[in-house]
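Notes follow the structure.
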Amino acid sequence: MAIRTTKKPAAKVKQPKTVDDYIAAAPKERRAALTKLRATIKAAAPKAIESISYGIVGFKQGGKRVVYFGYWKDHFALYGTGRDVLDAYAAQLKPYVQTKGTIQLPADKPLPYGLVTKIVKARIVEIEKAFADASFERIRPFQIWASWSRPGRTELLSYDCGARTEVRRRLYWQPIFPHLFPIVFAAFALLVASLLGYL
């Protein structure tokens with residue numbers, strides 16, 4: 001008679017909740033590189049917010065993906081940089097394995113922190129440009145009232161992508177007020193004159 005045996009359920013792997021937890025759970029020999037990689041990305045994108053997403057470390061700015069990174073058995077990996085950025089640095093990325101927007105960085109070699117900085121900064125430029133272009137599309141009807149000037153674009157790019165309301169308010173009113181002021185002043189003068197009995 002066969003004896004029925006029961007298998008013990010596999011132990012659940014505890015998922016990290018913070019970036020600190022993720023790095024702490026990495027093999028000891030990987031932690032220094034991961035810590036420096038994290039610091040490199042934060043320095044290149046100081047306004048980006050970090051979190052754990054899809055089980056790896058992710059950075060977003062204004063709700064847009066900047067970059068993700070993770071570690072594996074024999075390499076580190078960067079994700080989500082976008083095809084345009086990869087093409088822009090194709091020559092420098094040639095020594096590394098790339099698959100569907102993923103950059104694999106060998107674990108047995110020093111990480112190219114300078115290249116990571118360039119890639120992250122390029123992503124920030126893409127995000128800010130996309131937000132600027134979207135903002136210009138939204139305010140296009142206001143060009144009927146005011147001639148649009150290029151300095152406004154420079155001012156817009158200096159703002160954090162998350163501050164959408166503040167940016168829009170400045171863009172709407174800065175060009176319009178100089179054109180409306182003479183009309184408002186003339187209307188006020190007519191009102192005062194009529195109250196004083198001159199009309």
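Where a number appears in this text, it was derived from the coordinates with a stated rule and is not lab data. Computed from a predicted structure; not experimentally measured. As a convention, Cβ positions derive from the backbone with ideal geometry for all residues, glycine included, and neighbour counts pool all protein chains shown.
Of note:
- Residue ranges 81-87, 190-196 sort as 81-87, 190-196 when ordered by packing (mean number of other C-beta atoms within 10 Å per residue, highest first).
- Förster radius 25 Å - calculated FRET efficiency between residue 100 and residue 18 (Cβ-Cβ, nearest 0.05): 0.35
- Shown for 40, 99, 117: other C-beta atoms within 10 Å of each C-beta, ranked fewest to most, produce the order 99, 117, 40.
- Net charge of Cβ neighbours under 11 Å - reference residue 125; Lys, Arg +1; Asp, Glu -1: +1
- Cβ-based exposure ranking for 96, 71, in which fewest neighbours within 10 Å come first: 96, 71
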